[in-house]
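Participant: Before we start, here is the structure in question, set down as structure tokens.
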Amino acid sequence: MSLSKIATLLLSSVSLVAGHGYVASIEVDGTTYGGYLVDTYYFESDPPELIAWSTNATDDGYVSPSDYESVNIICHKGSSPGALSAPVAPGGWVQMTWNTWPTDHHGPVITYLANCHGSCADVDKATLEFFKIDAGGLIDDTDVPGTWATDELIEDGYSRNITIPSDIAPGYYVLRHEIIALHSAENLNGAQNYPQCINLEVTGSETATPSGTLGEALYKETDPGIYVDIWNTLSTYTIPGPSLYTAGSAATATSATTAAATTTSAATTAVATTAAAVTSTAAELEASTQTRVTTSESSAPTPASDDTSQLNQGDADPLDGNSAPATTTTTVVATPAASSESSPSSGVLSGACSQEDYWYCNGGTAFQRCVNGEWDASQSVAAGTVCTAGISETLTISAASTRRDSLRRHLARPKRH
């Protein structure tokens, strides 16, 4: 066992005393609302009416992967809808503030929306279909166990800001906000989910109605972002759950990583869905066969486009043509397969597909995935990268012409969401 793992196990005993935490305060478009204070309100005969959902998890405990197919995973154990809803405009913002969070409980922070199709005060939670609107995962893995979205949440006063997509149709929605702690996730059933829910009323006159996923189908205990050892250097990390929805996109695909990892043997496979990652030193640029990855998704607008090749999403680093370029190529083992759907030569695919989770690279410049029996929205590969054309079980993306000094500057700059 590593020294860092031993140290964290010792710190965990302190964390158990301090408690894991819950959302104590919510700010919606500048108005502050109280969270469900489970250590207080659960024991009161007449607790206040809130936008927050109640729960009977008085121990500040978690939902384990063995409970992923139960209603407990939706809005926590014994949860019931809040009586009120907070109005928010499309493109507005929500700040979720936790009362505390243990420093050793590293992992992703994820937020979803689900349309109640009527009042959320009496909605059947088992019928809610969630689409992901914000997520942060692994930010930097230079030092094990790395820097995670939970570390940023702690640094930001136990808070995370979430932007409501600007095209969402008006109506009543449940916002599901969640931390997944991965400090014991190297063991099957070792991840810890801490879901928290609130009710929103989206105003305006927009028209988007993204498709979603039932809460009991969001995760599997063997998902690569759930069953993962953060105590070893990670070459890639996949944020669990469906793909991120942004205004104008489709929200049906499997969760995406923001970079690809090279393989060290022909038996190892890796998925790259946005850009090829770069290595962190000049020596690695010359000879390394493994890249570092950071994963962070957000629906908030950023200066850079979603498909730029970068270490942290939203950080643009234009390269000029000076000096000799270095070349980094992502190599993965792909399993081509025939398809009964549209031919790759026909351009963007749409409609039904039969090869679940297979990828389609359209002419080397864009990609899609077969999810829930349908092709998801087409996404462009990053500038300076190409994917291997055709339909296959694993997507292959290659990057070239990366200037060394620009990479050093890029890797040296810390970035925040």
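Participant: Residue check, G78 against (1) farther than 29 Å from L188 by Cα; (2) more than 22 Å from the chain's Cα centre (by Cα), all met but one. Which one?
Facilitator: Of (1) farther than 29 Å from L188 by Cα; (2) more than 22 Å from the chain's Cα centre (by Cα), only one is false for G78: (1).
Residue-by-condition table, conditions (1) touching a His at 6+ places or on another chain (Cβ under 9 Å); (2) closer than 15 Å to P108 by Cβ; (3) outside any loop (DSSP other than H, G, I, E, B):
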site: L188; (1), (2), (3): no, no, no
site: I198; (1), (2), (3): yes, no, yes
site: Y219; (1), (2), (3): no, yes, no
site: T222; (1), (2), (3): no, no, no
site: I230; (1), (2), (3): yes, yes, no
site: T236; (1), (2), (3): no, yes, no
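Participant: In the range 200-217, which residue that is at negative phi and in a loop (DSSP other than H, G, I, E, B) is surrounded by the most Cβ atoms within 10 Å (Cβ to Cβ)?
Facilitator: Result: P210.
Yes/no matrix, rows are residues, columns are (1) within 15 Å of the chain's Cα centre (by Cα); (2) surrounded by 21 or more Cβ atoms within 10 Å (Cβ to Cβ); (3) not hydrophobic (A, V, I, L, M, F, W, C):
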{"site": "G137", "(1), (2), (3)": "yes, yes, yes"}
{"site": "D143", "(1), (2), (3)": "no, no, yes"}
{"site": "W148", "(1), (2), (3)": "yes, yes, no"}
{"site": "D167", "(1), (2), (3)": "no, no, yes"}
{"site": "R176", "(1), (2), (3)": "yes, yes, yes"}
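Participant: Follow-up question, since we're still on this one. So which strands (runs of 3 or more DSSP E) stay within the range 353-404 end to end and still have 3 or more residues that are at pLDDT below 80?
Facilitator: 385-387, 397-402
Participant: I'd like to verify a number: residues in the range 34-66 that are surrounded by fewer than 18 Cβ atoms within 10 Å (Cβ to Cβ) and assigned to a strand (DSSP E or B), how many?
Facilitator: Total satisfying the criteria: 1.
Participant: Just wondering, is there one or more residues in the range 70-92 that are polar (S, T, N, Q), in contact with a strand residue (DSSP E or B) (Cβ under 9 Å, 6 or more places away or on another chain) and within 25 Å of T246 (Cα to Cα)?
Facilitator: yes
Participant: Hey, does the range 182-189 have a residue that's assigned by TED's automatic domain parsing to the domain that holds S159, modelled with pLDDT of 95 or more, of a type in the set (D, E) and surrounded by fewer than 17 Cβ atoms within 10 Å (Cβ to Cβ)?
Facilitator: Among the residues of the range 182-189, at least one is assigned by TED's automatic domain parsing to the domain that holds S159, modelled with pLDDT of 95 or more, of a type in the set (D, E) and surrounded by fewer than 17 Cβ atoms within 10 Å (Cβ to Cβ), which makes the answer yes.
Participant: Taking the conditions exactly as written (closer than 20 Å to A217 by Cα and polar (S, T, N, Q)), does N72 satisfy them or not?
Facilitator: Against the criterion (closer than 20 Å to A217 by Cα and polar (S, T, N, Q)), N72 qualifies.
Participant: Checking the conditions here, which among D46, D143, D59 is modelled with pLDDT of 95 or more, in the same structural domain as Q196 (by TED's automatic domain parsing) and among the charged types (D, E, K, R)?
Facilitator: D46
Participant: Just to be sure before I move on: is E201 in contact (Cβ under 8 Å) with a residue 12 or more places away in the chain and among the acidic types (D, E) in the structure I sent? Working first, answer last.
Facilitator: Values: in contact (Cβ under 8 Å) with a residue 12 or more places away in the chain: yes; among the acidic types (D, E): yes.
So E201 passes the test.
Participant: Can you confirm whether the range 151-159 contains a residue that is buried (at least 23 other Cβ atoms within 10 Å of the Cβ) and in contact (Cβ under 8 Å) with a residue 24 or more places away in the chain?
Facilitator: Taking the range 151-159 first, the residues buried (at least 23 other Cβ atoms within 10 Å of the Cβ) are none.
Taking every residue of the range 151-159 in turn, none turns out to be buried (at least 23 other Cβ atoms within 10 Å of the Cβ) and in contact (Cβ under 8 Å) with a residue 24 or more places away in the chain.
The values are calculated or read from the model by the stated rules, or taken from the named source; none is laboratory data. Please read all numbers here as calculations on a predicted model, not as lab measurements. In this analysis, Cβ positions are derived from the backbone assuming ideal geometry, glycine residues included, and neighbour counts consider all displayed protein chains.
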